[in-house]
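The values are calculated or read from the model by the stated rules, or taken from the named source; none is laboratory data. In this text, all values refer to a predicted model and were calculated from it rather than measured experimentally. Glycine gets a Cβ as well: all are built from the backbone with ideal geometry, and neighbour counts include every protein chain shown. For the accessible areas, the whole protein counts, side chains as well, though only heavy atoms, and no ligand, DNA or RNA atoms are used. Shrake-Rupley method; radii C 1.70, N 1.55, O 1.52, S 1.80 Å.
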Amino acid sequence: MDNESDVFYRELPKVELHAHLNGSVSFQTIEKLISRKPHLNIEHDMTAIGKGQRRTLDECFQVFKVIHQLVDTEEDILMVATDVIKEFAADGVKYLELRSTPREEKNTGLTKRTYVETVIKAIQQCKNQGVDIDVRFLVAIDRRNGTEVAMETVKLAEEFMLSSDGLVVGLDLSGDPTVPSQLEESDLLLNLPPDRIGHGTFLHPEVGGSQSLVDKVVKNKVPLELCLTSNVKGQTVPCYSQHHFKYWYELGHPSVICTDDKGVFCTDLSQEYQLAASTFGLSREAVWKLSQQAIDCIFAPDTVKQQLKQKWTDVQPQVFK
């Protein structure tokens, strides 16, 4: 990033709606985790996919297994969540929805309930410390774990949506998309319809989706969470210039730029905005509008949306100085 535009993208207030907690762990935090668990013999290149590197989807999911070995106690989760929140804040993110699948670890006594409680604790601690970011949490269901586990997670999410003072705002379906039939699963979910779609890589007929899927998304105006670097490094799109961001953006469809896993894919949200702008020729005004429109797609109440819109209005003169 060259300096002047670097400053613009850092100062641009941003909304992050697709960030997996364990995939967002930075190099510095991995360093701390590795030093806590030297017996695991884990090295940095096992937890991140560097510049110019590509991995198959399956290899990307292997990276998560390594990170899960490093993050298996309440203490680890508290540190990881706190670091991730502060890093997003330092990158100019004003509103963040983190997502994670609650895990239990028999060896350390971690339960799914304490997992969620610890993430909420990290959010509250950051808030109490005055970190300039509004953070919410999505409880994730891993599609690989079957319906019984999924129902347990739904119950847990329901409970926390009622008891977390508005911090738990929804459910996420995640995990390896190649496990079910993508067309069938997409069709089934779009009939609900969902409130937002992560990635949307398999919707278009050119990439194994269908026109009827695209039509359903358009008809219901379901916002898309688009993660450019993640899709290129994970090889679900061939290159940046062929990313489906262009298709949806030109359609005027609600599209939100996100990181997916800033730690694993060695990126941050400022970089993702800059990539979209340089690849698709977006002006600074267009980038600002893209960032501002993301506020309408958040899962928090309207009062929060209004506060965020006010914050954007307040900082606009500073960003365009």
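Say whether the condition of being assigned to a loop (DSSP other than H, G, I, E, B), surrounded by fewer than 18 Cβ atoms within 10 Å (Cβ to Cβ) and not aliphatic (A, V, I, L, M) is met by at least one residue in the range 271-280. Give the derivation first.
Applying the first criterion (assigned to a loop (DSSP other than H, G, I, E, B)) to the range 271-280 yields none.
Among the residues of the range 271-280, not one is assigned to a loop (DSSP other than H, G, I, E, B), surrounded by fewer than 18 Cβ atoms within 10 Å (Cβ to Cβ) and not aliphatic (A, V, I, L, M), which makes the answer no.
Counting just the residues of the range 281-306 that are over 13 Å from P13 (Cα atoms) and polar (S, T, N, Q), which one comes out least open to solvent (accessible area, probe 1.4 Å)? Among residues in the range 281-306 that are over 13 Å from P13 (Cα atoms) and polar (S, T, N, Q), the one least open to solvent (accessible area, probe 1.4 Å) is S283. Go through the residues of the range 31-47 one by one and say whether even a single one is closer than 30 Å to L224 by Cβ and aliphatic (A, V, I, L, M). Within the range 31-47 (the criterion being closer than 30 Å to L224 by Cβ and aliphatic (A, V, I, L, M)), the answer is no, since none of the residues qualifies. Taking residues in the range 131-158 that are in contact (Cβ under 8 Å) with a residue 24 or more places away in the chain and open to solvent by less than 20 Å² (accessible area, probe 1.4 Å), and partners anywhere that are among the hydroxyl-bearing types (S, T, Y) and part of a helix (DSSP H, G or I), the pairs with Cβ atoms closer than 9 Å and at least 6 places apart or on different chains are V139/T153; A140/T153.
E184 falls short on exactly one of the conditions (1) touching a residue at least 60 places away in the same chain (Cβ under 8 Å); (2) open to solvent by 30 Å² or more (accessible area, probe 1.4 Å), and that condition is (1).
Hey, could you check the range 1-52 for residues that are in a loop (DSSP other than H, G, I, E, B) and open to solvent by 60 Å² or more (accessible area, probe 1.4 Å) and say which is modelled with the lowest pLDDT? Quick ask: steps written out before the conclusion?
Step one: of the range 1-52, the residues in a loop (DSSP other than H, G, I, E, B) are 1-2, 12-13, 21, 25-26, 37, 41-43, 47-52.
Filter again for open to solvent by 60 Å² or more (accessible area, probe 1.4 Å), leaving 1-2, 41, 43, 51-52.
Numbers: M1: 48, D2: 55, N41: 91, E43: 87, K51: 83, G52: 84.
Per the criteria, the residue is M1.
A single member of T229, T236, T201 is open to solvent by 20 Å² or more (accessible area, probe 1.4 Å), out of contact with any strand residue (DSSP E or B) (no Cβ under 6 Å at 6 or more places or on another chain) and either closer than 24 Å to R54 by Cα or in a helix (DSSP H, G or I) (or both), and it is T236. Out of all the residues in the range 161-212, which are β-branched (V, I, T) and farther than 22 Å from F64 by Cα? V168, V169, V207, listed by residue number.
Within the range 102-122, track down each residue that is in contact (Cβ under 8 Å) with a residue 40 or more places away in the chain and part of a loop (DSSP other than H, G, I, E, B). The answer is P102, and nothing else. Quick check on the range 308-321: of everything there that is in a helix (DSSP H, G or I) and without any contact (Cβ under 8 Å) to a residue 60 or more places away in the chain, which residue is farthest from L96 (Cα to Cα)? That would be P317.
Among residues belonging to the range 256-270 that are hydroxyl-bearing (S, T, Y) and open to solvent by less than 10 Å² (accessible area, probe 1.4 Å), point out the one that is farthest from Q53 (Cα to Cα). Across the range 256-270, the extreme among qualifying residues is S270. Does the range 53-64 contain any residue that is open to solvent by 40 Å² or more (accessible area, probe 1.4 Å), assigned to a helix (DSSP H, G or I) and at pLDDT 90 or above? No.
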